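A.B. asks: Starting off with a structure, shown below.
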Amino acid sequence: MSDKIQLNMLENGFDFILKSFDDLENDELKYTAIHLYSGVLLILKERLYHIDEKLIFEKPNKFNKQSLKNGNFQSVNYTTLLERLTEHNASISEEFKSELEWLRSERNKMEHFQVNVRVDALKSHIVNILVHLIPYIKLELVHNDLLDEYDEKLQLIISYLHQYEEYVQVKLITIEKDEGIKKKIIDGLECSLCSQKTVFIDGGEAYCYFCETKFNDFTETYINENFNLYEIIKDGGTDPCNECPDCSSQSMIYLDHSLSYICLSCGVLYSHKQLEPCARCEVNLAYSNDPHEAAFCDYCLDFFKTN
């Protein structure tokens, strides 16, 4: 069992970010900037704390658990925080750093002077920060088992962002600009959580680049979200899942949008011209090399060979 003192930095960080959303809705730009900046820094300090609790002290050699527990210590400053994260392979991206620097500068001005900031400019920077922050949280905290992916406050933040039009637009543009990601995304396949067509499947696991969710059970999640299996069975309808001719899992579905078949398990993709129902059993899918010739599945081909 870990002997680390349980701090509330992450929870407080989420609270500050949620408060910044309220401020933004009420056009309280000064407090939007102050609360968002404070929230982001607490999240970054949380990551540093889990690397080594001494590192959140400005002077690690002054570390002692009693001071940490009481909160009676000088916390690591902004510059040192980013440096230490970089030194321990938990750095933020240059784009994220640039946006955070802007917010830091504006926040300092707002705290000490009367500053007029254009609403659209502030919103733009806030959106860019959040576009980078959510993947960082997922990568550095969730995937390292430092935070439950379904943490209530994290889900409140994500839910707000998915309804915030500016965020959705910027996030989708960011994905569109990344050629590596674009090549991976399966055309027409919607994420069962965020409904964006930004899903990649490989080796039985799926990942959505919009909501930054990693699925270990994507087939079940997708089928339950998109099909009423009870009604299908009750009414004698057709099972939406076919056996994949590549991996043999019962996970191949048809996508009307892209006129293609996709296996929700292995991710293999075929156009509607490459696969068709077996001419003999009319149940399994079969490779179709010639539209004028009958196609047979592996089971039926084996049947022909033995009879």
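A.B. asks: Across the stretch 257-272, what is the number of residues that are more than 25 Å from the chain's Cα centre (by Cα) and either of a type in the set (A, V, I, L, M) or modelled with pLDDT under 85 (or both)?
C.D. replies: Residues that pass the stated criteria total 2.
A.B. asks: Look at Ile253 and say whether it is part of a strand (DSSP E or B), open to solvent by less than 30 Å² (accessible area, probe 1.4 Å), under 30 Å from Val168 (Cα atoms) and free of Cβ contacts under 8 Å to residues at least 60 places away in the same chain. Please lay out each step first, then the result.
C.D. replies: Numbers: part of a strand (DSSP E or B): yes; open to solvent by less than 30 Å² (accessible area, probe 1.4 Å): yes; under 30 Å from Val168 (Cα atoms): yes; free of Cβ contacts under 8 Å to residues at least 60 places away in the same chain: yes.
Spelling it out, Ile253 is indeed part of a strand (DSSP E or B), open to solvent by less than 30 Å² (accessible area, probe 1.4 Å), under 30 Å from Val168 (Cα atoms) and free of Cβ contacts under 8 Å to residues at least 60 places away in the same chain.
A.B. asks: Further question on the same structure: What number of residues within the stretch 187-210 satisfy the criterion of being assigned to a strand (DSSP E or B) and open to solvent by 70 Å² or more (accessible area, probe 1.4 Å)?
C.D. replies: Taking the stretch 187-210 first, the residues assigned to a strand (DSSP E or B) are 199-202, 205-208.
Filter once more, so that each one left must be open to solvent by 70 Å² or more (accessible area, probe 1.4 Å): 202, 205.
The number of residues fulfilling the criteria is 2.
A.B. asks: Let me ask you something else. Somewhere in the stretch 211-219, is a residue in a helix (DSSP H, G or I) and closer than 30 Å to Ser159 by Cα?
C.D. replies: yes
A.B. asks: Go through the stretch 24-43 residue by residue and tally those that are in contact (Cβ under 8 Å) with a residue 60 or more places away in the chain and closer than 17 Å to Thr86 by Cα.
C.D. replies: Residues of the stretch 24-43 in contact (Cβ under 8 Å) with a residue 60 or more places away in the chain: 24, 27, 29-30, 32-34, 36-37, 40, 43.
Imposing the further condition that a residue be closer than 17 Å to Thr86 by Cα reduces the set to 40, 43.
Counting residues in the stretch 24-43 that are in contact (Cβ under 8 Å) with a residue 60 or more places away in the chain and closer than 17 Å to Thr86 by Cα gives 2.
Conditions (1) surrounded by 17 or more Cβ atoms within 10 Å (Cβ to Cβ); (2) more than 22 Å from Gly204 (Cα to Cα); (3) among the hydroxyl-bearing types (Ser, Thr, Tyr), marked per residue:
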{"site": "Lys273", "(1), (2), (3)": "no, yes, no"}
{"site": "Cys281", "(1), (2), (3)": "no, yes, no"}
{"site": "Asn284", "(1), (2), (3)": "yes, no, no"}
{"site": "Ser288", "(1), (2), (3)": "yes, yes, yes"}
{"site": "Glu293", "(1), (2), (3)": "no, yes, no"}
{"site": "Cys297", "(1), (2), (3)": "yes, yes, no"}
{"site": "Cys300", "(1), (2), (3)": "yes, yes, no"}
{"site": "Phe303", "(1), (2), (3)": "no, yes, no"}
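A.B. asks: Restricting attention to the stretch 64-75, does a residue exist that is closer than 15 Å to Ile137 by Cα, part of a helix (DSSP H, G or I), in contact (Cβ under 8 Å) with a residue 24 or more places away in the chain and among the aliphatic types (A, V, I, L, M)?
C.D. replies: Within the stretch 64-75, the first condition is being closer than 15 Å to Ile137 by Cα, and the residues that meet it are none.
No, the stretch 64-75 has no match at all.
The values are calculated or read from the model by the stated rules, or taken from the named source; none is laboratory data. Since we're looking at a predicted model, the values are computed, not measured. When we count neighbours, we look across all protein chains shown, and the Cβ atoms used for this are built from the backbone with ideal geometry, even at glycine. Accessible surface areas use protein heavy atoms only, side chains included; no ligands, DNA or RNA. Shrake-Rupley method; radii C 1.70, N 1.55, O 1.52, S 1.80 Å.
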